[in-house]
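Below is one structure; the comments refer to it alone.
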Amino acid sequence: DAALFSGTLRENLDPFGEHEDSECLDVLYRVQMLTEGQAASQRTSREPSRPTSIKDGVEREGSVAASVSTSSPTATDTDSKTTITLDTQVSPGGTNFSQGQRQLIAMARALLRRSSIIVLDEATSSIDFATDAKIQATIREEFGDSLLLTVAHRLRTVIDYDRLLVLDKGELAEFDTPWNLLQKQDSIFRNMCLKSGTYAELEEAAKAKAGVV
């Protein structure tokens with residue numbers, strides 16, 4: 001699960017106050033947590049987002065769980081129709097957000113940090129296909145110069161990656177480009193694609209990645 005801690009959404013995205021609010025809002029928009037209009041309406045601060053400290057987090061730990069922001073109508077799941085702001089409170093572990101929302105917050109945090117190494121372990125497993133497609137496009141746009149390691153259950157998520165590592169019963173079974181694996185009749189990955197019901201789409205994506213005419 002995504003690692004979230006007690007505090008505001010701003011503090012979860014930018015715990016050391018290194019970025020402006022406009023940057024935090026921008027990544028929330030790019031992971032589909034805010035509409036363009038909602039992000040634009042909140043872009044009023046030009047100052048770095050408010051810094052926090054470990055001491056502040058510890059002192060607030062016991063009280064935030066019981067505090068519900070006006071942007072978080074319930075303690076178990078933030079209503080997707082309610083506008084999320086940078087001041088929206090996050091309960092311990094992010095329990096006032098849905099699983100999908102927690103994944104999106106973690107993705108937004110990675111976008112904000114622009115890390116050189118990104119590990120995505122089923123990062124969009126609880127997100128609908130339409131939103132996932134938009135996020136995958138954002139990942140490819142933003143992390144083109146990063147080392148991206150992805151564990152995924154959706155084949156379309158990794159079909160255009162540089163290399164795929166396929167495990168079988170906990171052991172390394174295959175390691176090659178998606179296109180090369182699809183050309184092997186006995187490939188485990190190829191068999192998975194055939195059973196997916198979207199083989200033609202996956203094959204086309206792998207072919208385009210390989211630059212095959």
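Show the residue pairs that are 6+ apart or on different chains and have beta-carbon atoms under 6 Å apart, the first residue being within segment 99-120 and free of Cβ contacts under 8 Å to residues at least 60 places away in the same chain and assigned to a helix (DSSP H, G or I), the second being crowded, with 19+ Cβ neighbours inside 10 Å and not basic (Lys, Arg).
If the second residue must be crowded, with 19+ Cβ neighbours inside 10 Å and not basic (Lys, Arg), the pairs left are Gly100/Ile127; Ala110/Ile118.
Could you grab me the full set of residues in segment 169-213 that are aliphatic (A, V, I, L, M) and modelled with pLDDT under 95?
Of everything in segment 169-213, those that are aliphatic (A, V, I, L, M) and modelled with pLDDT under 95 turn out to be Val212, Val213.
Return only the number of the condition from (1) in contact (Cβ under 8 Å) with a residue 60 or more places away in the chain; (2) in contact with an Asp or Glu (Cβ under 7 Å, 6 or more places away or on another chain); (3) of a type outside the set (A, V, I, L, M, F, W, C) that Lys209 does not satisfy.
Single failed check for Lys209: (1).
Is there a residue in segment 73-91 that is modelled with pLDDT of 85 or more, surrounded by 14 or more Cβ atoms within 10 Å (Cβ to Cβ), out of contact with any His (no Cβ under 8 Å at 6 or more places or on another chain) and not in a loop (DSSP other than H, G, I, E, B)?
yes
Among Val151, Val158, which is of a type in the set (Val, Ile, Thr) and surrounded by fewer than 16 Cβ atoms within 10 Å (Cβ to Cβ)?
Going through Val151, Val158 in turn, just one is of a type in the set (Val, Ile, Thr) and surrounded by fewer than 16 Cβ atoms within 10 Å (Cβ to Cβ): Val151.
Which of the residues spanning segment 168-211 are in a loop (DSSP other than H, G, I, E, B), over 24 Å from the mean Cα position of the chain (by Cα) and surrounded by 10 or more Cβ atoms within 10 Å (Cβ to Cβ)?
Listed by number, the residues that qualify are Gln183, Lys184, Ser187.
Return yes when Leu164 is crowded, with 16+ Cβ neighbours inside 10 Å and in contact with a Cys (Cβ under 7 Å, 6 or more places away or on another chain) and no when it is not.
no
How many residues does segment 124-141 hold that are under 23 Å from Leu165 (Cβ atoms) and in contact (Cβ under 8 Å) with a residue 40 or more places away in the chain?
Residues meeting the conditions: 1.
Rundown of residues vs (1) in a loop (DSSP other than H, G, I, E, B); (2) modelled with pLDDT of 90 or more; (3) farther than 19 Å from Thr124 by Cβ; (4) out of contact with any Pro (no Cβ under 8 Å at 6 or more places or on another chain), yes/no style:
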{"site": "Asn12", "(1), (2), (3), (4)": "no, yes, no, yes"}
{"site": "Glu18", "(1), (2), (3), (4)": "yes, yes, yes, no"}
{"site": "Leu28", "(1), (2), (3), (4)": "no, yes, no, yes"}
{"site": "Leu34", "(1), (2), (3), (4)": "yes, yes, no, yes"}
{"site": "Ala39", "(1), (2), (3), (4)": "no, no, yes, yes"}
{"site": "Thr52", "(1), (2), (3), (4)": "yes, no, yes, no"}
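Within segment 138-167, can you find the residues that are assigned to a helix (DSSP H, G or I) and closer than 21 Å to Val212 by Cα?
Arg140, Leu155, Arg156, Thr157, Val158 - these are the residues of segment 138-167 that are assigned to a helix (DSSP H, G or I) and closer than 21 Å to Val212 by Cα.
For residues that are within 20 Å of Ile135 (Cα to Cα) and among the β-branched types (Val, Ile, Thr), tally how many sit in segment 154-197.
Here the count works out to 3.
Mind checking which pairs have a first residue in segment 1-22 that is under 24 Å from Thr35 (Cβ atoms) and a second that is surrounded by fewer than 20 Cβ atoms within 10 Å (Cβ to Cβ) and among the aromatic types (Phe, Trp, Tyr), Cβ under 7 Å, 6 or more apart or different chains?
Hits for this filter: Asn12/Phe5.
Is it fair to say Leu120 is within 16 Å of Arg10 (Cβ to Cβ), in contact with a Ser or Thr (Cβ under 9 Å, 6 or more places away or on another chain) and modelled with pLDDT under 90?
Against the criterion (within 16 Å of Arg10 (Cβ to Cβ), in contact with a Ser or Thr (Cβ under 9 Å, 6 or more places away or on another chain) and modelled with pLDDT under 90), Leu120 does not qualify.
The values are calculated or read from the model by the stated rules, or taken from the named source; none is laboratory data. This one's a predicted model, so the numbers in the text were calculated from it and none came from an experiment. FYI the Cβ positions are ideal-geometry reconstructions off the backbone, even for glycines, and counts take in every protein chain you see.
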